[in-house]
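The values are calculated or read from the model by the stated rules, or taken from the named source; none is laboratory data. This is a predicted model, so every value here is computed, not measured. Note that we place each Cβ from the backbone using ideal geometry, even for glycine, and neighbour counts take in every protein chain shown. Only protein heavy atoms, including side chains, enter the accessible area calculation; ligands, DNA and RNA are left aside. Shrake-Rupley method; radii C 1.70, N 1.55, O 1.52, S 1.80 Å.
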Amino acid sequence: MLRRYLAKRLVVAIPSLLIASLIVFTLPRLIPGDVVAMMLEEKAYAKDLEELRAKLGLNRPIYVQYFEWLGRAVQGDLGESLWTRRPVLEEIGQRLPITLELAVMALVVAIVIAVPVGVIAAARQDTVQDYTFRSAAILGLSVPGFWLATLVIVLPAIWWGWRPLTGYVEIGKDFRGHVIQMALPAVILGIAFAAAMMRLTRGMLLEVLRQDYVRTAWSKGLRERVIVLKHGLRNAIIPVITYIGTQLPQVIGGTVVIETIFGLPGMSRFLFDAINQRDYPVIQGVNLVVVSFIVAINLAVDALYAALDPRIRY
Amino acid sequence: MSLTRRELLIAGGLTATGAVILPSLAPAQQPKRGGTLNLRLWDPPHFDLHAAGGLSYKLHIPMSFTHGRLVRHKTGPSVTPGTFQFEPDLAESWTQPNDTTYVFKLRRGVRWHNKPPANGREFVADDVVYTIKRFQETKGHANAHMLRAVDKVEAVDKYTVKFTLKEPSAWFLDTLASPMVVAMVNRETSEKLGDLKKPESFIGTGPWMLDSYRPNQGMTLVRNPGYFIPGLPHIDKIEIFVDEDNASRTASFLAGKYDLGWEFPGQINRTDWVQIKDTLKQKRPTLKTAEFPANVMSHISMRTDQKPFNDVRVRHAISHAIDRQGIIDAVAEGVGVYNAAVPAALKDWAVPVNQLGEGAKYFKHDPAEAKRLLAAAGYPNGFQGTICFTTYGSTVLVDSTQIILKNLKDVGIDAKLETKEYGAYITSCFYGKFDSMTYGPQTPFLEPDSFLYGQYYPDEPRNQSHIKDPVLADMLVRQRRTFDLAKRKEQVAEIQRYLAKQQYYVTTNSGVYVAVWDGALHNYGPNIGYDYGGRLMAAWLNR
């Protein structure tokens, strides 16, 4: 049944990807004004307007352009960056690991903080611990990541003369330096998500802990740890997993600011620079990769959801 | 400019007799070789000086480390910021047989960086010819006016280049010395790679060479062991960081990561400076500072070829409406300078506003007089207009613009702000494609001609206000043909007095830079302009 369910989800994902690819392809072409003329004047991407239009394939009907672009994209050819003159996929390949590493680290930070804290807050409802954790969560939700990042960078420099951990250290050259450098932005990025995730975990767990079967477990004399973690959390965690899946695009979106502040050459910052450079093949390519990634993550979340809750499969 | 043409020619003549003039870089103390200088700069759009987008300080600054010019500006602690004297660079001497001919004798033994495809080949006269022609052949070059006077450039022999000008151009040497115009580029590299946009094409004759480029992160420049001045540069490595976040830059500077102020040209914005100067006294007590006016000048451009701006009374009214001191107080911590048509930063050429004669009065904030002038011009209730604008990512500029809008509103001019994305702004409003008004900073040139001829002569790309004034055009051409420095200074002053009366552009204030550098950096003198490399060539580090 699980296979059939996954096959159905996969089939549904294909039109989603096609629609997304159409949007990704069309949007840059709807920008008002003669963008190509602007690209030529600002960036000299070709000798003249005609050459640039031909280079971008804009001298053909739009549906032809779309199907050609899609056909190449399916084969892994996202074109060439006008700015760096290198294949877009190669450029993305260099930067995507940095963004993914940051996003995954941020999610891990969020999960490591949120789930235990949410469980304790739920298990100790209306105690000092619960109020403290809930207040901290509201604070975490209220504080913008860029502000926190700024404080984390500036204050140690003022107080102790510490150099900020900005600029990228390659993992192959200095593993320890790399981890230390990535940890701070990941923690900052993870805090806001941890706050929301903690509140959700607490709320869902409280709901589950009021169920009859939990009361039965208590009456059987089971230990609190077993009731909360085995019988309670396993049921409460399903919406949290869904939340993680839906939040991943937000985490990737958040990396734009964090990558800029910490000088990390990730994909988000590359997209930001590509927009400034009017590098449309890169803009399209990065967006397509991000969209595909999000669809894949949602598919994975659905699969996990189905694995955790057999009712979903039927 | 403190050298007269005569002094200049004598200098050139002396060198022609065999006495090679080396740049005036003799330090007072014994220099120390080695070390790494850390700078915060910007990521260049690409590496081709002549291609569109290459007209950017983001490229000009790194290029000042790696590329040479025929003539350069003197640098060092003895140079007063805002003043410029010539000295030989790739040319060891020059003569001017007549008003339209310049002959340059090149240094022998100058070599391109020892990287393929140049491979340390000798720099010769053909390279100069190639560079100048490449510049001239670039279509729509925004700085085309700077070399428009050049009719012909020829290699007389391997080490002699002859420039023939279409007309006398007293600013020709200034043009050649400008770090934003004619850095010499390598022919083989351009031909092999198709253009000079890639980092591997960044090959020059300068004191440092590009070692590595990391997009969006920075670049490393290393000492050129084959540099033609023996012993220079003293600093082994220049580490350039791209740092797009001001908090990060501030923290990095506080912690000693950068050796020069993080903003152009090695300064700290006054608003930041005021906040951190006390902390810096504790954290970096040996820091050195110098203050001098910025040559970045903003102005309001107007369609002076159309109503209502074709009426001089309207332009006077706008100038009276602007509260320049109010802007300085609000956005520059009360420290700033007023600008005539030539920015006050160019000390040898700018006329102080209070010495502009009859036109000086239009720089006074006088809303009542502005209203009277508008009424006299037939606009008793003011008029509506637009101001084309881009933020340049500067909060100072945005705040100034808000004050200007309010000032105009106070006298009845209801100007709607039309904010454009930077690229759209540059390709339209910056080049005069707008309907009403534009406000923004102008390119910070180092000589007055670019501010005057470039912005006021009919049909020049930078003539944003669409000025067609035959009297002015004649004055602009005449100063270009006057080689006598004293006479030219008077002509330039006269033009500024004339322009103060016309108010074709309503200039606002410039800031006063706080140049900051690490105490370990010796024999360094800050100045305006992009020539970081020139200013650091004879500097050394003693950490």
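Against the globular-protein guess of 2.2 N^0.38 Å, express the Cα radius of gyration of the protein assembly as shown as a ratio, rounded to two decimals. Intermediate results must be reported in sequence, preceding the final value.
Details: Rg = 31.2 Å, N = 857, 2.2 N^0.38 = 28.6 Å.
Ratio of Rg to 2.2 N^0.38 Å for the protein assembly as shown: 1.09.
Share of Cα-Cα pairs in region B:456-538 beyond 17 Å, in percent?
Working: 2206 of 3403 pairs.
Percentage above 17 Å: 65.
Over region A:92-248, consider all pairs of different Cα atoms and compute the Kirkwood hydrodynamic radius from their mean reciprocal separation; express it in Å, one decimal. Present the calculation step by step, with values, prior to reporting the outcome.
Working: mean 1/r = 0.0571 Å⁻¹.
Computed over Cα pairs of region A:92-248, the Kirkwood hydrodynamic radius comes out at 17.5 Å.
Can you give the helix-only mean residue ellipticity at 222 nm for chain B, where every DSSP H stretch with n ≥ 4 adds -39500 (n - 2.57) and the sum goes over all residues, rounded to the nearest 500 deg cm²/dmol? Kindly include the intermediate steps, with their values, before the conclusion.
Working: 16 runs with 164 residues, N = 543.
Counting only the DSSP helices, I get -9000 deg cm²/dmol.
Can you give the convex hull volume of the alpha carbon atoms of chain A per residue, in Å³? Write down the numbers at each step before the final one.
Working: hull volume 57.9 nm³, N = 314.
Convex hull volume per residue, Cα atoms: 184 Å³.
Mind giving me the nanometre distance, one decimal, between the label points for A:TYR131 and A:GLU101, set 7 Å out from Cα along Cα→Cβ?
4.4
What are the residues whose amide H is under 5 Å from the amide H of A:ARG163, where those residues sit 5 or more places off or on another chain and H is modelled from the backbone?
Result for A:ARG163 returns nothing.
How are the C-alpha pair distances of region B:161-307 spread across 10 Å bins, as whole percents from the shortest bin up?
Each 10 Å bin holds this share of Cα pairs: 8, 23, 29, 25, 12, 3, 0.
Pop the C-beta distance of B:VAL274 and B:ASN354 into the FRET formula with R0 = 35 Å and round what comes out to the nearest 0.05.
Working: r = 27 Å, r/R0 = 0.78.
It comes to 0.80.
When only the heavy atoms of the protein chains count and the probe is 1.4 Å, how do B:ILE322, A:ILE120 rank by accessible area, highest first? Don't skip to the end; give the middle numbers.
Working: B:ILE322 0, A:ILE120 70 Å².
In descending accessible area the options line up as A:ILE120, B:ILE322.
What FRET efficiency comes out for B:GLU122 versus A:ALA54 if R0 is 45 angstrom and r is the Cβ-Cβ distance? Round to the nearest 0.05.
On the way: r = 40 Å, r/R0 = 0.89.
Rounded to the nearest 0.05, the efficiency is 0.65.
How many Cβ atoms of partner chains, on average, are near each residue of A:163-173 if near means within 10 Å of its Cβ? Write down the numbers at each step before the final one.
Working: counts 6, 11, 1, 11, 9, 4, 0, 0, 0, 0, 0.
If you average over the peptide's residues, the count of other-chain Cβ atoms is 4.
What do the square roots of 5 times the Cα gyration tensor eigenvalues come to for chain B, in whole Å, largest first, as semi-axes of the equivalent ellipsoid? Show your work: numbers first, answer last.
Values: eigenvalues 297, 160, 90 Å².
Result for chain B: semi-axes of 39, 28, 21 Å.
Quick check: pseudo-label points 7 Å beyond the Cα along Cα→Cβ at B:LYS406 and B:ALA330, how many nm apart are they?
0.4
Using only alpha carbon positions, build the gyration tensor of region B:485-529, then give the equivalent ellipsoid semi-axes as the square roots of 5 times its eigenvalues, largest first, whole angstrom. Don't skip to the answer; put the middle values down first.
Numbers: eigenvalues 241, 59, 5 Å².
In descending order, the three semi-axes are 35, 17, 5 Å.
If the viscosity is 1.567 mPa s and the temperature 4 °C, what Stokes-Einstein diffusion coefficient in µm²/s follows for region B:69-137 when Rh is the Kirkwood radius over Cα pairs?
Working: Rh = 14.1 Å.
The diffusion coefficient I find is 92 µm²/s.
Divide, for region B:103-225, the radius of gyration over alpha carbons by 2.2 N^0.38 Å, where N is the residue count. Provide the component values of the computation, followed by the final result.
Numbers: Rg = 15.3 Å, N = 123, 2.2 N^0.38 = 13.7 Å.
Ratio of Cα Rg to 2.2 N^0.38 Å: 1.12.
Two decimals, Cα atoms only, Kirkwood Rh: what is Rg/Rh over region A:162-213? Let's see the in-between values first.
Details: Rg = 18.5 Å, Rh = 13.9 Å.
The Rg/Rh ratio comes out at 1.33.
From the Cα gyration tensor of region B:27-164, with a ≥ b ≥ c the square roots of its eigenvalues, which class applies: rounded if a/c is under 1.5, or else prolate if a/b is larger than b/c, or else oblate?
Numbers: a/c = 1.43, a/b = 1.22, b/c = 1.18.
Taking the square roots of the gyration eigenvalues as a ≥ b ≥ c, region B:27-164 is rounded.
For a Förster distance of 35 Å, can you work out the FRET efficiency between the beta-carbons of A:TYR66 and B:LYS433, rounded to the nearest 0.05? If you can, show how the numbers build up before the last one.
Numbers: r = 32 Å, r/R0 = 0.93.
According to the calculation, E is roughly 0.60.
List for region B:246-272: residues with 30 Å² or greater reduction in accessible area, all protein chains versus chain alone, probe 1.4 Å?
B:ALA247, B:SER248, B:ALA251, B:LEU254, B:ALA255, B:LYS257
Check A:GLU80: other-chain or 5+ apart residues with amide H under 5 Å from its amide H, H built from backbone geometry?
A:VAL88
Between A:VAL143 and A:GLU224, how many nm apart are label points set 7 Å from Cα along the C-beta direction?
2.9
What does the C-alpha gyration tensor say about the overall shape of region B:328-483? Classify as rounded when a/c is under 1.5, otherwise prolate if a/b is larger than b/c, or oblate.
On the way: a/c = 1.35, a/b = 1.24, b/c = 1.09.
Judged from the Cα gyration tensor, region B:328-483 comes out rounded (a/c under 1.5).
What share of all Cα pairs of region B:388-453, in percent, falls into each consecutive 10 Å distance bin?
That works out to 19, 45, 32, 4, in percent per bin.
List the pair-distance distribution P(r) of region B:213-288, using every Cα-Cα distance, as the percent of pairs falling in each 10 Å bin from 0 up to the bin containing the longest distance, rounded to whole percents.
Percent of pairs per bin, in order: 16, 41, 28, 14, 1.
Give me the Kirkwood hydrodynamic radius of region B:229-329 in Å, from all C-alpha pairs, to one decimal place? Mind showing how you got there, number by number?
Details: mean 1/r = 0.0562 Å⁻¹.
After inverting the mean inverse Cα-Cα distance, the result is 17.8 Å.
Between chains A and B, what is the buried accessible area in Å², counting both sides, with a 1.4 Å probe and ligands, DNA and RNA left out, to the nearest 100? Could the numbers behind the result be given before it?
On the way: alone 17440 and 20710 Å², together 35670 Å².
Interface area, both chains combined: 2500 Å², rounded to the nearest 100.
Under a cut-off of 20 Å between alpha-carbon atoms, report the lysines in cross-link reach of A:LYS220, not counting same-chain residues fewer than 8 places apart.
Within the straight-line cut-off, A:LYS220 pairs with A:LYS230.
For each pair in B:LYS158/B:LYS198; B:LYS58/B:LYS139; B:LYS192/B:LYS420; B:LYS347/B:LYS420; B:LYS58/B:LYS288, compute the distance between the two Cα atoms and list the pairs where it is over 27 Å. Walk me through the numbers before you get to the answer.
On the way: B:LYS158/B:LYS198 29 Å; B:LYS58/B:LYS139 21 Å; B:LYS192/B:LYS420 38 Å; B:LYS347/B:LYS420 34 Å; B:LYS58/B:LYS288 25 Å.
B:LYS158/B:LYS198; B:LYS192/B:LYS420; B:LYS347/B:LYS420, as the Cα separations exceed 27 Å there.
Starting from the Cα gyration tensor of region B:391-532, take the square roots of the eigenvalues, sort them a ≥ b ≥ c, and report rounded, prolate or oblate (rounded when a/c is under 1.5, otherwise prolate if a/b is larger than b/c, else oblate). Mind dumping the intermediate values first?
Values: a/c = 1.84, a/b = 1.04, b/c = 1.77.
Taking the square roots of the gyration eigenvalues as a ≥ b ≥ c, region B:391-532 is oblate.
Quote the Stokes-Einstein diffusion coefficient, in whole µm² s⁻¹, for region B:303-357, based on the Kirkwood radius over alpha carbon pairs, a temperature of 37 °C and a viscosity of 0.692 mPa s. It would help to have the intermediate numbers written out before the result.
Values: Rh = 13.1 Å.
Stokes-Einstein gives a translational diffusion coefficient of 251 µm²/s.
Semi-axes of region B:252-300's equivalent ellipsoid from the Cα gyration tensor, sqrt of 5 times each eigenvalue, largest first, rounded to whole Å? Walk me through the numbers on the way to the answer.
Numbers: eigenvalues 105, 24, 20 Å².
Three semi-axes, in Å: 23, 11, 10.
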